[in-house]
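Q: Okay, here's the structure, questions in a sec.
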Amino acid sequence: MKVFSNSEVFNYTWEEVSTANWRKYCPWNQKSTHVVAVDTVSRSVDPETGILRTERLITCRQSAPDWLKSLMGGSMDESHVFETSYVDPRNKTVTMVSANLTWSNLINVQETVVYRPLNDQQTRFEQAAQITALCGGWQRIKNRIEDTLVSRFHENAIKGKEGFEAVLAMSRRVFAEERERERMSLLQAQAGNIRMVATA
């Protein structure tokens with residue numbers, strides 16, 4: 001088993017991050033083109049805790065090394081990941097737990113991601129993944145498979161941070177524009193009321 005871990009800080013509030021997280025794989029993110037589909041399977045809110053629980057199926061298309069394809073006996077370009085997330089508004093945490101569905105009899109990948117406030121203006125991102133090759137054979141082959149997947153996690157982590165930064169920046173801009181439109185509409189309505197009173 002190999003372990004990948006990563007920690008980042010986003011200069012955005014937890015509210016901004018937890019909201020933008022649902023748009024992480026949208027067209028604003030040019031770094032996540034390997035994610036080709038995100039399907040929501042179920043969504044519910046615990047009435048006692050207020051925790052939002054969501055299950056999603058994520059489809060990725062990313063080429064694997066030829067030696068790994070030949071070892072696994074087929075195409076590995078498309079894969080499916082099952083993700084369960086928990087948004088806890090009281091404790092201000094977003095926790096996402098995911099596992100691979102594709103090739104799960106040969107490779108087991110368990111990933112946990114947590115977003116929590118670092119302070120009023122920053123959010124910490126913590127990622128941990130356990131990667132285990134289950135296929136029989138020499139330990140050297142298992143190690144190579146696990147090392148390859150750890151390297152892929154590292155590459156995707158760099159792209160993921162860049163892509164999510166773009167989504168966060170666009171979300172902040174869009175929300176600011178929407179708030180400005182609402183403010184202008186309110187001012188126009190107030191001006192209209194003043195004119196009506198003045199001419200009455």
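Q: Using a/c under 1.5 as the rounded threshold, could you call region 77-119 rounded, prolate or oblate? The axes a ≥ b ≥ c are square roots of the C-alpha gyration tensor eigenvalues, and prolate needs a/b larger than b/c, oblate otherwise. Don't skip to the answer; put the middle values down first.
A: On the way: a/c = 3.58, a/b = 3.15, b/c = 1.14.
Since a/c reaches 1.5 and a/b is larger than b/c, the shape of region 77-119 is classed as prolate.
Q: Leaving out same-chain residues fewer than 8 places away, which lysines sit with a Cα under 24 Å from that of residue 2?
A: Hits, sequence-local ones excluded: 69, 142, 159, 161.
Q: Jot down the radius of gyration and Dmax of region 143-200, Cα atoms only, both in angstrom.
A: Just the Cα atoms of region 143-200 yield Rg and Dmax of 24.9, 83 Å.
Q: Using r as the Cβ-Cβ distance of residue 110 and residue 138, and R0 as 22 Å, what FRET efficiency do you calculate, to the nearest 0.05? Each step should come with its number before you reach the end.
A: Working: r = 24 Å, r/R0 = 1.07.
Calculated value: 0.40.
Q: What number comes out for the charge environment of residue 98, summing +1 per Lys or Arg and -1 per Asp or Glu over other residues with Cβ under 12 Å away?
A: On the way: positive: 56; negative: 55, 83, 111.
With Lys, Arg at +1 and Asp, Glu at -1, the neighbours total -2.
Q: Further question on the same structure: For residue 194 and residue 43, FRET efficiency with R0 = 45 Å and r from the beta-carbon atoms, rounded to 0.05?
A: My answer for the efficiency is 0.50.
Q: Please give the calculated 222 nm ellipticity per residue for the chain, where each DSSP H segment of at least 4 residues contributes -39500 (n - 2.57) and the sum is spread over every residue; nearest 500 deg cm²/dmol? The partial results should precede the final answer.
A: Details: 3 runs with 75 residues, N = 200.
Helix-only estimate at 222 nm: -13500 deg cm²/dmol.
Q: For region 98-139, what % of the accessible area comes from carbon and sulfur atoms, probe 1.4 Å?
A: Numbers: 1140 of 2230 Å².
Exposed carbon and sulfur together represent 51 percent of the surface.
Q: With a/c under 1.5 counting as rounded, go ahead and sort region 1-61 into rounded, prolate or oblate using the C-alpha gyration tensor (a ≥ b ≥ c being the square roots of the eigenvalues; past the cut-off, prolate if a/b is larger than b/c, else oblate). Don't skip to the answer; put the middle values down first.
A: Details: a/c = 1.41, a/b = 1.22, b/c = 1.15.
Rounded.
Q: Then there's this: Report the one residue of 51, 163, 13 whose Cα lies farthest in the direction of the positive end of the charge dipole of the chain (charges on C-beta: Lys and Arg +1, Asp and Glu -1; origin at the Cα centre).
A: Checking the options against the dipole of the chain, the answer is 163.
Q: Would you give the gap between the C-alpha center of region 41-56 and the C-alpha center of region 1-18, rounded to a whole Å?
A: Centre-to-centre distance over Cα atoms comes out at 21 Å.
Q: Next question. In region 1-42, what percent of the accessible surface is made up of carbon and sulfur (1.4 Å probe, ligands and nucleic acids excluded)? If you can, show how the numbers build up before the last one.
A: Details: 1160 of 2310 Å².
Here carbon and sulfur together make up 50 percent of the probe-accessible area.
Q: Tell me, what is the per residue accessible area of the chain in Å², probe radius 1.4 Å?
A: Working: 11890 Å² over 200 residues.
I get 59 Å² per residue for this part.
Q: Let me ask you something else. Quick check on the chain: take the gyration tensor over C-alpha atoms, sort the square-rooted eigenvalues as a ≥ b ≥ c, and tell me if it's rounded (a/c under 1.5), prolate or oblate. Could the numbers behind the result be given before it?
A: Working: a/c = 2.79, a/b = 2.50, b/c = 1.12.
Judged from the Cα gyration tensor, the chain comes out prolate (a/c at least 1.5, a/b above b/c).
The values are calculated or read from the model by the stated rules, or taken from the named source; none is laboratory data. Quantities reported herein were computed from a predicted structural model and do not represent experimental measurements. Because the Cβ atoms are built from the backbone with ideal geometry, glycine has one as well, and the counts that use them run over all protein chains shown. To get the accessible areas, we keep the full protein, side chains included, count just its heavy atoms, and leave off ligands, DNA and RNA. Shrake-Rupley method; radii C 1.70, N 1.55, O 1.52, S 1.80 Å.
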